[in-house]
1. Quick one: if you take sqrt(5λ) for each eigenvalue of the C-alpha gyration tensor of the stretch 239-329, what semi-axes come out, biggest first, whole angstrom?
2. Please identify every one of the chymotrypsin sites (Phe, Trp or Tyr not before Pro) in the stretch 221-259 that sits in a loop by DSSP and has no more than 14 other beta carbons within 10 Å of its own beta carbon.
3. Regarding the stretch 13-79, what whole-number volume in Å³ per residue does the convex hull of its Cα atoms give?
4. Between Arg210 and Ala143, what FRET efficiency comes out of the Förster formula 1/(1 + (r/R0)^6) with R0 = 35 Å and r the beta carbon distance, rounded to 0.05?
5. What ³J(HN,Hα) values, in whole Hz, does the Karplus curve 6.51 cos²θ - 1.76 cosθ + 1.60 give for the stretch 224-240 when θ = phi - 60°, with x put for Gly and Pro?
6. Once phi is turned into ³J(HN,Hα) by the Karplus curve 6.51 cos²θ - 1.76 cosθ + 1.60 with θ = phi - 60°, what whole-Hz value does each residue of the stretch 278-293 show in order, with x for glycine and proline?
7. Which net charge results when you count Lys and Arg as +1 and Asp and Glu as -1 among the other residues whose beta-carbon is under 11 Å from that of Pro276?
8. Contour minus end-to-end for Tyr75 and Gln307, with contour as 0.36 nm per residue of separation and end-to-end as the Cα-Cα distance?
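Each reported figure results from applying straightforward, stated rules to the coordinates on display, with no laboratory input. This one's a predicted model, so the numbers in the text were calculated from it and none came from an experiment. Methodologically, a virtual Cβ is constructed for each residue, glycine included, from the backbone with ideal geometry; neighbour enumeration extends over all protein chains shown.
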Amino acid sequence: MTRRRRHDKVAGLPRDPRADHYPMPPVPHGWYAVLRSDELRPGKVVSLHYFGRALIAFRAADGRAAVRDAHCPHYGAHLGVGGKVVDGEVECPFHGWRFDADGRCTHAPYAVRTPKVSIGGFPVREHSGLVLVHYGSDDAAKAPEWDVPEIPEATSRDFAAPVDDVCRSRIHIQEMRENIVDESHFTHIHGQSEPPVLELRPDGPFAEVRSRFRRRVLGWDVDNTFDVFMYGPGVMVVRVHGSFLSLTAIALTTPVDDRTSELRMLYYIRKPARLPFLTPLLKLVFRAEALGEVREEARIWDHKIHQQRPVLLPHENGIRALRRWYAQFYPPADGPGEEWPGHPRADSASAKAPDRRA
């Protein structure tokens, strides 16, 4: 079952306008998961809204997933509001124009010639139970330079069906990602005995973090490996392995608009090899222990501001390292001296400023 709660407002607490200001663009370039595969059924049109745009998703006659802009170029109708799929093409509810999975108009009633128009869209990849789109490609038919690798746990019978948890916050998605390298919050929010030792290992559009996670759960001392694999700005896989619980979490961060981001967490719990009937119990324990902590973070995100030069303690190295890696996903700045936070030029400029480490 999917839990959907949003924390766009906290009752009675005015919002500081600085909480909506970020120096970097709202949408980094890269791959984002906009649907789970089983949410996109053949013959159906699904309406979406990401990247500040109204979108639709549907399947072509061969089953291929397509994600296109939602509005018909003829007269502006929303293809997801009353539109339908006919022979693997989406039909406009207003005048019956049809568009294929590549966005091309294939039929326009009463037209002498089919208009040479298209609806925009994105390169799409589908694997690991996810429909992924690439934001930042000028041409939807052009293959991006890198892809998100398949995530084997998503289709393995050794893992239970995922706990699916979705929330939205008024925060830039970069800050959602910075959360994984914020060493100190693991103690205060997640109950770890002491801040973990984190080292970010970048590899082009990919990065890894290897660590351990130690906390007490229902009276048990848990000491698990904690391995993080980042695939661009929108997909992250966290693998936790231990004697009490082993799971793989797929963290999907996607910009909704210039102020709001979505965090979708898919938690795949490994079935105990000798006691598979305990899997539902493990899910219940996990929900009770972990999901509330994510909600607490979402409430904090809703009202925090972006600190371009945070006051960091000596052990807090992860945030700065992640910002340097993450900067590659932004388009080039418009003018000189306008590099995004984390860019080498921006770092060199900030290095001349007084050090704000505590």
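1. Details: eigenvalues 205, 56, 38 Å².
Values for the stretch 239-329, descending: 32, 17, 14 Å.
2. Sparse-neighbourhood loop chymotrypsin sites (Phe, Trp or Tyr not before Pro): Phe244.
3. 169 Å³
4. Values: r = 31 Å, r/R0 = 0.88.
Approximately 0.70, to the nearest 0.05.
5. So the J values, rounded to whole Hz, are 10, 5, 9, 10, 10, 10, 9, 10, x, x, x, 9, 9, 10, 10, 10, 10.
6. Using θ = phi - 60°, the values come out as 7, 4, x, 5, 4, 5, 5, 4, 5, 4, 5, 8, 9, 5, x, 5 Hz.
7. For residues surrounding Pro276, the net value is +3.
8. Roughly 79.1 nm would be gained on extension.
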